[in-house]
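Report on the structure given below.
The values are calculated or read from the model by the stated rules, or taken from the named source; none is laboratory data. Predicted model only: the values in this text are computed from it and were never measured. Here the Cβ positions follow ideal geometry from the backbone for every residue, glycine too, while neighbour counts run over all protein chains shown. Protein only, heavy atoms only, side chains kept; ligands, DNA and RNA dropped before computing areas. Shrake-Rupley method; radii C 1.70, N 1.55, O 1.52, S 1.80 Å.
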Amino acid sequence: WSSDGYRLLKSEDGAATWDDITDAIEDEAGGSFPLLKVATDNVDPDFVAVALDIPASMVHVYISEDGGSTFEEVAGDLSAFGNVFELAVSPEVDGDRDIAIGGTDWATALLFRSTATGDSASAWEDATDWSPLPLPAGDYPGWDNDGTLGSLAVVDIHFPTSWDEDNTILVATATNTS
């Protein structure tokens with residue numbers, strides 16, 4: 001992606017026609033920046049999350065609850081990311097959605113999360129603790145890990161449609177990103 005050449009497009013008719021929603025994200029971000037990732041709620045395609053690489057301040061994530069007509073920035077510091085490989089959105093449960101962003105700082109895997117309620121989201125929380133000890137569930141049940149995920153990068157994140165029942169999240173990691 002190039003900062004002067006990306007477009008954010010949306011189709012509501014199986015790709016027969018496309019609507020350009022780039023202006024909405026650029027209005028909120030304050031300009032045109034490289035697009036890193038786009039994710040939607042698999043059940044509600046009007047919920048969109050977009051990750052942009054904004055120079056001098058690094059990765060920023062914006063969410064939309066109206067299919068990309070308007071966007072709001074998810075607050076918090078994502079400056080640890082050297083590269084973003086994945087962005088995922090959980091199905092809505094009791095009005096909340098979890099947003100996860102994964103990648104690398106070029107030395108270790110990174111996984112951050114936020115909870116969105118409507119068109120606003122909590123600040124990013126670092127969910128990266130690849131120590132041999134499991135993460136405490138804390139406010140985020142289902143995000144425990146058994147210490148076996150240590151690697152160079154988070155390359156894929158998936159929230160199954162059963163998220164509301166079992167809090168299962170799948171995270172793929174890699175020891176080599178080339």
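Its residue count N fixes a reference of 2.2 N^0.38 Å for the stretch 73-124, and the Cα radius of gyration divided by that reference is 1.18. Simple spin-label estimate for Val93 and Asp105 gives 2.8 nm between the two label positions (7 Å along the Cα-to-Cβ direction from each Cα).
Between Ala15 and Asn42, the simple spin-label model (points 7 angstrom out along Cα→Cβ) gives 1.9 nm. Across Ser79, Ser69, the residue with the most accessible area heads the list, and the full order at a 1.4 Å probe is Ser69, Ser79. Computed extension length for Met58-Glu165: 35.0 nm, one decimal, from 0.36 nm per residue of separation with the Cα-Cα distance subtracted. In this label model, Thr22 and Leu152 are separated by 3.3 nm, measuring between points 7 Å along each Cα→Cβ vector.
Measuring how big the stretch 12-56 is from its alpha-carbon positions, Rg and Dmax come out at 12.2, 38 Å.
Equivalent-ellipsoid semi-axes (√(5λ), Cα gyration tensor) for the stretch 2-110, whole Å, largest first? Write out the running numbers ahead of the final one.
Working: eigenvalues 98, 65, 31 Å².
Those come to 22, 18, 12 Å.
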